[in-house]
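Got a structure here, written out as structure tokens. Questions coming.
A short reminder: the numbers here are calculations on the coordinates, not readings from a lab. What you see is a predicted model; the values in this text were computed from it and never measured. All Cβ positions, even for glycine, are placed from backbone atoms using ideal geometry, and neighbour counts span all protein chains on display.
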Amino acid sequence: MKKSLQIFSLEELKFYQPTIYNIVSKYYPLGIKKNSKAYQNHIGIIFLKNEIINKIENKDNFNENWEESVLLDIKNSFKNYTVTGATYGFVPNYGGIIQLEQSNKTNLTVELHFYVSFIENIFTIQIVSLDNSIEINYETGSIQGPKIKELIVSPVEGYYKDIFLTVENTIRDRFKNSKFLPYSIESIELSNFEVFYTEGKNCHLGQAFFLKGFPYTVPEKIIGDINYKIDEIN
């Protein structure tokens, strides 16, 4: 399975997506390895790490600004669903998941994921249909899974549209001047782009903003507008 829809060099990103290039380059030293002093001393990296300490590791702030505010609002809006936090460690974002469907017989789950970055309140909402089966090739020793069967990247009739829009409106109400990151930009794999909280030499642009609870691989089927709200970024 392919890892990304598009692969850009730094020069291509600057030419085709100058706004997102300027945002990312403000917080990350592009083209520099993360174990170098130049990377660690970059003003954007220092800012993000301080934000994580203040907004996540400070539990009072974390509870006030996420767990007992935004996440609680969403839990109260969807009492018939299981809503859990999805802020995974030392990362530059808040996160949450709404479990929409689950089948023990087929290992399929349908979840709505939402993440809000500490970078300019950029956020994403996606509904993922995930096949959690694990396939082991005993001849090669390779392991595959889980797989993304469907990824809904914008509000679509018949695919929990009302829930998507309610989560979007809740985030916009709580985080002023927030911007939606469309899938067409989030999924770009950027050459020589390293993110401090995860491994990889060619990270996706979305990883500059948030750590998601499912893999950055191309889904078997993408549903919705991959350019949803792109004017907010451009």
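Can you show me the helix-derived [θ] at 222 nm for the chain, built from DSSP H runs with n ≥ 4 at -39,500 (n - 2.57) apiece and divided by the number of residues, rounded to the nearest 500.
-7000 deg cm²/dmol
State the percent of C-alpha pairs, over all pairs in region 1-123, separated by a distance greater than 19 angstrom.
Considering region 1-123, 63 percent of its Cα-Cα pairs are separated by more than 19 Å.
To check you understand DSSP bridge types, tell me what percent of the beta bridges within region 75-234 (both residues inside) are antiparallel, rounded to 5.
So the antiparallel bridges in region 75-234 amount to around 85 percent.
Spin-label point model (7 Å from Cα, Cβ direction): what's the residue 197 to residue 231 distance in nm?
Computed distance between label sites residue 197 and residue 231 equals 3.1 nm.
So what's Rg/Rh here for region 169-228, counting alpha carbon atoms and using the Kirkwood radius for Rh?
Value, to two decimals: 1.00.
Continuing with this model, one more query. Give me P(r) over the chain, computed from all C-alpha to C-alpha distances, binned every 5 Å, as integer percentages.
Distribution as computed: 1, 6, 13, 18, 19, 17, 13, 8, 3, 1, 0 percent.
Can you tell me how much longer the chain between residue 149 and residue 40 gets when fully stretched, taken as 0.36 nm per residue apart minus their C-alpha distance, in nm with one decimal?
35.5 nm
If you build a Gaussian network model of the chain, linking Cα atoms that sit under 10 Å apart, which residue out of 219, 29, 18 swings the most?
Checking each option, the largest mean-square fluctuation is seen for 18.
Say the cut-off is 18 Å between C-alpha atoms; which of 33/55; 149/221; 149/212; 161/229 go over it?
Where the Cα-Cα span goes over 18 Å, the pairs concerned are 33/55.
How would you order 55-68, 186-199 from highest to lowest mean count of nearby Cβ atoms within 10 Å?
Averaged packing, sorted descending, gives the order 186-199, 55-68.
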